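The values are calculated or read from the model by the stated rules, or taken from the named source; none is laboratory data. Nothing here was measured: the structure is a model prediction, and the numbers come from that model. Here Cβ is always computed from backbone atoms with ideal geometry, including for glycine, and neighbour counts include all displayed protein chains. Please note that ligands, DNA and RNA were not included when accessible areas were found on the heavy atoms of the full protein model with its side chains. Shrake-Rupley method; radii C 1.70, N 1.55, O 1.52, S 1.80 Å.
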Amino acid sequence: MLRFLHILLTGLFGVLSDGVTAFGGVRLVDGENKCSGRVEVLRHDQWGTVCDHGWGPREANVVCLELGCGLADFTPHSAVYRAGSGHIWLRHVQCTGHESSLTRCAVFLHSNAYCTHENDAMVKCSGTLLTPTLTLLSPYTVFSPGEAVRFSCSILQGHLSDFHLYKHGVSTPLVTQRADHTQKKAELTLSDIETFHQGSYSCQYRIKTGFPPQLLSSPPSNSINITVVELLTPQHWYNTSTEAPAGSVIKGHNFNITCSTPQQYPGGSFQLRLIRSNGTVRQSLPALTPSVTFTFPNAQSSNEGYYYCLYRVQLGGRTFVSRESQPLPIAIRDPDPVLSPMGISWLVSGLTFVVAVIVLIIVAKVLCNKEKKPTELERETRTLLQAKRGLVHCAVEEPLIMISKTSTDPTESVQVLVSVELLVSVAKNHRKTEQLLPPGARFVARANDTWLSQPAWSVANQNISSPVSITRPIFSVSFSMLKHCGNKGQDREGN
């Protein structure tokens, strides 16, 4: 402190005594570039050198900052750069390091120090400001909304004006921290973060340089990525059989509960919690997709209760858990006896039997209706076969007699036309008139005392002729079918 006051008072005395305001500028010459070389100052429109008596890092930094060349890397000896010539304007300079120009430092214009151009002050600047280092003071890189993230931005040299924390892609700083001239690092805190704060961060510092003063920004530091995990409250619903009332599951039926979240992270999982009267049951499934379904086959009373769903994930060494969903009440009800599985089974079996019987009856009717009507020959053959088995019953009506030819000539024969109607009963009570007579049936006629016989081929009219002369014969005709019909004594006579 005493040294600082001494320099300040000495500089003030020098200014008052010799008019330092006559200095016009500072430059570096005979170096590799404009940021290295021999220090010269302009006074009375002439460039002169500066004696290196009392020259040090503070003075060198003031020169580098004034020229916009960063900070001084080192102050080399005069052997590095070529010595100057002409005036030595400043023989003894003392700076605090905060001056905006070398000409603002305290100077001894009338110093007793012996200086030649072999004592010319020289400096090599960094060319740009040194790159700062950003570190994360928080123990994690993953955060929840509302938390704070602490960074530290540091630089090896001082003379800083302020520090800034930038997020990549955003031009304005999110955090600014002012620094004093001796400060080499600053803590930058990002408070009450939200999801939009997730990203990559770096820091920069600024130094006030030149005359008139201007702010020079450093290059950006290294980057640090942070993640902000926001777990929204999951949604959940359940599905079961359609006959179950709302909020209920029928005992023995299957049901499932689906948990869903709009925000998914790698390695996350869903947890389903059941609170029932006798305790709590938990089960988990990995969240490979935004929605996960828990399946419950054969629901029982132990599945009744309140279901809650939450989402859990581990990131960056931390475990994050969402809020639980609203309770989902599920009641287990006994099945309706009519709609019980056994009742349904009996009902289906009964309906199947009734349908089968109806189908059989319909098929039988169709088949009976489709039976072909037998031909005359088939009917005759069937009648004969059944007659032999005693299955045909015959009823012979009385024959009809008609004399078709009469004559007074006794030598001529008389023809008699006879016919008979045969009623044959087949298959019990079904009666029908047969047009064909079975083989062996005969018409027998008697003319007076003469018997005449002729085979009866059909019930059509038959002619029986008398071979003898009979005067006014009296005919009686009978029909015989005793050999083929099951009922005997069917001969009938007609006159």
So Thr49 clears everything in (1) assigned to a loop (DSSP other than H, G, I, E, B); (2) over 30 Å from Gln204 (Cβ atoms); (3) open to solvent by less than 10 Å² (accessible area, probe 1.4 Å) except one condition, right? Which one?
(1)
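Rundown of residues vs (1) among the basic types (Lys, Arg); (2) surrounded by 15 or more Cβ atoms within 10 Å (Cβ to Cβ), yes/no style:
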| residue | (1), (2) |
| --- | --- |
| Gly127 | no, yes |
| Leu130 | no, yes |
| Thr133 | no, no |
| Pro139 | no, no |
| Lys167 | yes, yes |
| Pro173 | no, yes |
| Gln183 | no, yes |
Based on what the data block shows, is Leu28 modelled with pLDDT under 90 and either surrounded by fewer than 17 Cβ atoms within 10 Å (Cβ to Cβ) or not charged (D, E, K, R) (or both)?
no
In region 241-262, what residues are without any contact (Cβ under 8 Å) to a residue 60 or more places away in the chain and farther than 19 Å from Thr293 by Cβ?
Ala246
Subset of region 247-272 (residues that are farther than 17 Å from Gln326 by Cα and part of a loop (DSSP other than H, G, I, E, B))
Lys251, Gly252, His253, Asn254, Gln263, Gln264, Tyr265, Pro266, Gly267, Gly268
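Within region 287-300, track down each residue that is open to solvent by less than 80 Å² (accessible area, probe 1.4 Å) and out of contact with any helix residue (DSSP H, G or I) (no Cβ under 9 Å at 6 or more places or on another chain).
Narrowing region 287-300 to residues open to solvent by less than 80 Å² (accessible area, probe 1.4 Å): 287, 289-294, 296, 299-300.
Listed by number, the residues that qualify are Ala287, Thr289, Pro290, Ser291, Val292, Thr293, Phe294, Ala299, Gln300.
I'm trying to understand the selection: among the residues of region 273-325, which are aliphatic (A, V, I, L, M), outside any strand (DSSP E or B) and more than 24 Å from Val228 (Cβ to Cβ)?
So the first thing to find is which residues in region 273-325 are aliphatic (A, V, I, L, M), and the list is 274-275, 281, 285, 287-288, 292, 299, 310, 313, 315, 321.
So of that shortlist, the ones also outside any strand (DSSP E or B) come out as 287-288, 299.
Of everything in region 273-325, just one residue is aliphatic (A, V, I, L, M), outside any strand (DSSP E or B) and more than 24 Å from Val228 (Cβ to Cβ), namely Ala299.
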Taking Thr242 as the residue in question, decide whether it is open to solvent by 20 Å² or more (accessible area, probe 1.4 Å), at pLDDT below 95 and more than 27 Å from Tyr166 (Cβ to Cβ).
yes
